[in-house]
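A.B. asks: This is the structure, below, for whatever I ask next.
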Amino acid sequence: MAAVHKVAIFGAGGTIGKSITSALVTDKSFDVTIISRADSTSTFPNGIPVTRTDYTVPALTAALRGQDAVVSAVGVAGISKQKDMMDAAEAAGVRLFILSDFGYGPAHQHLPEFDTIGKPRQEVLSYASERAKSNPQFTWSAVAIGNPIDWALNAFPTLGFDFVNRKAIIYDSGTERFTGTTMNGIANAVVGALKHPQEVANRHLHVRSVETCQNELLAAVEEVTGEKWPVAHETTKDLLEKGRAKLAKGERGWVLDLIVAQLLEEGSGRSIVVTQDKADNGLLEMPKEDVLGMVRGILKG
């Protein structure tokens, strides 16, 4: 497959999309175009071409003509719309479509409550596989990143670390290990995928920035801050029950409770997305990261 030069990105205004867009521009290997809805009020960095268009297949086909690759970083509401995006990309002659599937990958053993939420992603993945089988000139790829760890730790104190008030929650014994990928790691993975279109074609990639546990994270934040953090001890069982009670009552917040319980439940072993020896980090030329460096980055804001 020929090298990728022209890249269009959907969802450039979102959390992951901003990071990917910045990395693409900084790398200087690509001509980047942002695709946005005609009625969107999103603003984007100066100097990056923006095509505002209707999200119909004909309009998107016109917008994508001449592009080598598409990166989709759309949020939950836009997941199913990727079918139209792929139809348009194929019609426009795009060779590689990177799906917005920045999660745990299709083989992840998630809690049953997430079956409905995950169904649109599975349908899009199946659709991508069908398109690639029927047209060898069209390929797809996706990057399983696990926990978007630096963003999640900073955004959700329920995950165990309140960086504003400098206090922690340790669930169970704090020893359940899990992997995570930082925002920079996610962006670098996408850049790496675009530089290796042949090797990443028609498969899920699996990456990780760090492997850790709550106790190691606590030690790291205390080392970086030079402070002893107050620690509360809770159980993932209680968190799971609380989340399920919210779901039964139709209350908000159940998703976060269950995600954290799913991630940290002791003995589950479900949140190691990939072992170090099987990770695609090397193929994607991802810089090495560690827990201390990640924590320093979070605290710098």
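The values are calculated or read from the model by the stated rules, or taken from the named source; none is laboratory data. All values derive from a computational prediction rather than experimental measurement. Backbone-built Cβ (ideal geometry, glycine too); neighbour counts: all protein chains shown.
A.B. asks: Looking at Ile169, Ile117, can you tell me which residue is of a type in the set (Val, Ile, Thr) and either part of a strand (DSSP E or B) or free of Cβ contacts under 8 Å to residues at least 12 places away in the same chain (or both)?
C.D. replies: Within the list Ile169, Ile117, the selection yields Ile169.
A.B. asks: Related question: For the range 103-135, which positions are surrounded by fewer than 13 Cβ atoms within 10 Å (Cβ to Cβ), within 18 Å of the chain's Cα centre (by Cα) and of a type in the set (Gly, Ala, Ser)?
C.D. replies: Ala107
A.B. asks: Among residues belonging to the range 136-156 that are in contact (Cβ under 8 Å) with a residue 12 or more places away in the chain and part of a loop (DSSP other than H, G, I, E, B), point out the one that is farthest from the chain's Cα centre (by Cα). Spell out the reasoning first.
C.D. replies: Step one: of the range 136-156, the residues in contact (Cβ under 8 Å) with a residue 12 or more places away in the chain are 137-154, 156.
The next check asks that each one be part of a loop (DSSP other than H, G, I, E, B); those that pass are 137-138, 145-146, 148, 156.
Numbers: Gln137: 26, Phe138: 23, Ile145: 6, Gly146: 7, Pro148: 6, Phe156: 16 Å.
This residue is Gln137.
A.B. asks: For residues that are part of a loop (DSSP other than H, G, I, E, B) and at pLDDT 95 or above, scanning just the range 41-64, find the one that is farthest from Gly17 (Cα to Cα).
C.D. replies: Thr56
A.B. asks: So, one more: Gln67 fails exactly one of the following numbered conditions: (1) assigned to a loop (DSSP other than H, G, I, E, B); (2) more than 26 Å from Ile145 (Cβ to Cβ). What is the number of that condition?
C.D. replies: In the conditions (1) assigned to a loop (DSSP other than H, G, I, E, B); (2) more than 26 Å from Ile145 (Cβ to Cβ), Gln67 misses (2) alone.
A.B. asks: Let me ask another. Condition check: assigned by TED's automatic domain parsing to the domain that holds Leu111 and small (Gly, Ala, Ser). Does Ala187 satisfy that?
C.D. replies: Answer is yes for this residue.
A.B. asks: Can you tell which of Arg203, Arg208 is surrounded by fewer than 20 Cβ atoms within 10 Å (Cβ to Cβ) and touching a residue at least 12 places away in the same chain (Cβ under 8 Å)?
C.D. replies: Among Arg203, Arg208, only Arg203 is surrounded by fewer than 20 Cβ atoms within 10 Å (Cβ to Cβ) and touching a residue at least 12 places away in the same chain (Cβ under 8 Å).
A.B. asks: Out of all the residues in the range 86-102, which are over 15 Å from the mean Cα position of the chain (by Cα) and part of a loop (DSSP other than H, G, I, E, B)?
C.D. replies: Filtering the range 86-102 for residues over 15 Å from the mean Cα position of the chain (by Cα) gives 86-97.
Once the filter is applied, which keeps residues that are over 15 Å from the mean Cα position of the chain (by Cα) and part of a loop (DSSP other than H, G, I, E, B), the range 86-102 yields Gly93, Val94, Arg95.
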